[in-house]
Amino acid sequence: MISEEDIRRVRDSIDLTELVSETVVLKRKGRLFWGRCPFHAEKTPSFKVDPATQLWHCFGCGLGGDAFGFVMRTENVDFPDAVRELAERAHVEIHETAGGPAPGLRDRLTGACEAAAGAYQRVLLKSQDPGAQKARAYLAERGFGSDVAKKFGLGYAPGRGALVRELGLAGFSESELVDANLALRSDSGQLRDRFYERIMFPIRDVQGRCVGFGGRALGAAEPKYLNTQETPAFHKSRNLYNIDRARNEIVRAGTAIVVEGYTDVIALVEAGVANVVATLGTALTREHMKLLGRFAKHVVYLFDGDEAGLRAADRAVEFIGFDITPEAGTERIDLDVAVIPGGRDPADFVAEEGEAALRALVRDAVPLVQFALDRRLARHDLTRPEGRTAALRDAAQVLTAVRGSLLAHDYTNYLADRLMVDFNTVQQAVLSAKATPVQTEEESGTAGTGPSTANVPQTPQTRAERELIGVLVKTPTLRPEARFLLSDDLLTDPMHERIVEHLVGHPSESIPELVASLEPVDSGAAAVVAGLSVNGDVLEDADSLADELFRKLKEFSLDRQILAKKTELRSLDAAAQKERYDQLFQEIAQLQLERARVRSGVQENVDTEA
């Protein structure tokens, strides 16, 4: 843990323009510097740096921040590592307190893994050991020659203490080999290799550092795949195979493809599909989704077509939540699902059908909610009333995680059409259904708020929210009044809620300090605040502008309430459900009156200013 004082000293010692100029060609226009954004492809410069505030922002992709945020994104490191890197650059001494792995431990463990990867590869490529020859033959059968082995760093672990001896001579201690899970200690205390007689797949983090391995057994040995256990440098729920090589391709494609096997990744990359990663012997987790969300907002999950693959596909229902709904705003990630036809895996499919067929499969992937509903409906005989009743109970569970969202409303209509029943019947089934069990944050390793990408808002609601946040950022005296935005649920974007909550408790007039305080908590929120600062001038009539935006958000909220109640009203039988019908009619009338008063207030403001 690094103190706030040390963070401030590092920030004050860095010239952002000089730092960015090492990556981006900048040209001065007035008080700002402009260049082409390093985080997305563009022909016209939309990336700018403000030397006065030491903040940067891109109009094209919406990213922004301070020097720490720039290093975090260019180097794909977390906040503490960005501070350390800039401290070293500026020759500022920082002091760290307890709260994580000992300083230098992670570097020693990744160093040991790098050395192990080199040792494994030398054995695979050059050894005449029968096991190494067998490994080369297996890879050749899969179409992976020595060039592919070199490209992906593939290796072979012979075992028999070979790695322990080599890394010991290289200067790594026994405790470091155990901590990196490269070696195990027997009951007698003797050290032995963790992996033996396996083809080795190095696993690298987003920075390209080797943090662990996947080992495939040859023959009938069990388990078929053996992965590095959790270490201070390696976490299965946070790492993805090939993420270091695929991240730029994912950004370019706007889509991340997720498969379940290391050889599937290699086969797809060799076939020309480079924006692909694999999970590490586990199902996709929410932490994986956050990682992929740093590079793209569209994820396609490809499942094997065998029975095990279909069971895994059914478990993907765990990802149905508000982060895939329109209400998630800038944090929304579209997760689509496709199953490889014919019981094959992606490697077999691309070998037999080719790159074009694989891309078509990805293009035709269906949204996760639709996939989950269709799978539930397929379990039942929809030609019989009893089957449709059971199907409704089964499918309604899928929508419990997004009850009240626009997505749930749309798929309630979808179910009504598929089951040939009215909207209200499905809606009542969803309201009374028990939630489908999902992973908790603790189970999926996602506790806490990770970095999120700050995209440009796309709706009048989110644009008004963003504009109001800009007023609050530049006018600290108005921040206490923003509390009612949270209490009245006037904000629909979760990131905007976090920013306002932070602003309410942060009276500082220094925008760089505000950005720096947000960066380690939510880099996406920091990007938004930095962008609002860089993009706007000082406000002359902040009070009036804030009042108008408050009213506009209140009007949007009333619109949503009226729409929801009108939807329910249309689903009722006016004669059979007269009491509820009359109640809703009166509630809608009251809401419409309130909306008229709010609109009148906004119009008066506009007329007065005119």
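Every read-out reported here was derived from the displayed coordinates using simple, explicitly stated rules and does not represent laboratory data. This structure is a prediction, so every number in the text was calculated from the model and none was measured. Glycine gets a Cβ as well: all are built from the backbone with ideal geometry, and neighbour counts include every protein chain shown.
The length gained by stretching the chain between ARG192 and GLU4 to full extension, at 0.36 nm per residue less their Cα-Cα distance, is 63.3 nm. Using a cutoff of 8 angstrom between alpha carbon atoms and counting only pairs six or more residues apart, the relative contact order for region 165-223 works out to 20 percent. Approximating the spin labels as points 7 Å out from Cα along Cα→Cβ, the GLN133-to-LEU310 distance works out to 4.3 nm. Between region 8-81 and region 330-362, what is the C-alpha centre distance in whole Å? Taking the Cα centre of region 330-362 as reference, the centre of region 8-81 is 36 Å away. Spacing of the modelled spin labels on ARG483 and ALA90, each 7 Å from Cα toward Cβ, amounts to 3.5 nm. Peptides 142-155, 24-37 ranked from most to least packed, by the mean per-residue count of other Cβ atoms within 10 Å: 142-155, 24-37. For the listed residue pairs LYS48/LYS554; LYS474/LYS554; LYS297/LYS552; LYS150/LYS224; LYS224/LYS290; LYS134/LYS236, the alpha carbons are over 32 angstrom apart in LYS48/LYS554.
Using a 4.7 Å Cβ-Cβ cutoff, the cysteines of the chain lacking any partner cysteine are CYS61.
Only DSSP H runs of four or more residues enter the estimate; each adds -39500 (n - 2.57), and after division by the residues of the chain the mean residue ellipticity at 222 nm equals -15500 deg cm²/dmol.
For the pair region 368-399 / region 474-535, the C-alpha centres are spaced 43 Å from each other.
For the chain, the relative contact order is 12 percent, taking Cα pairs closer than 8 Å that sit 6 or more residues apart in sequence and dividing their mean separation by the residue count. Reported value for region 4-90: 90 Å³ per residue, from the convex hull of its C-alpha atoms.
Computing P(r) over Cα pairs in 10 Å bins from 0, in percent directly from the structure and comparing it against (1) 3, 17, 28, 28, 18, 6, 1, 0; (2) 3, 10, 10, 7, 8, 9, 7, 5, 3, 4, 6, 6, 5, 3, 3, 4, 4, 2, 1, 1, 0, 0, 0; (3) 3, 14, 21, 23, 20, 12, 5, 2, 0 singles out (3). Within the chain, helices built from complete DSSP H runs that reach 24 Å or longer along their own axis (Cα positions) and carry a mean Kyte-Doolittle hydropathy of -0.5 or higher are 105-126.
Which whole-number percentage describes the relative contact order of region 105-227, with Cα contacts under 8 Å and a sequence gap of 6 or more? Write down the numbers at each step before the final one.
Numbers: 194 pairs, mean separation 33.0, N = 123.
Answer for region 105-227 is 27 percent.
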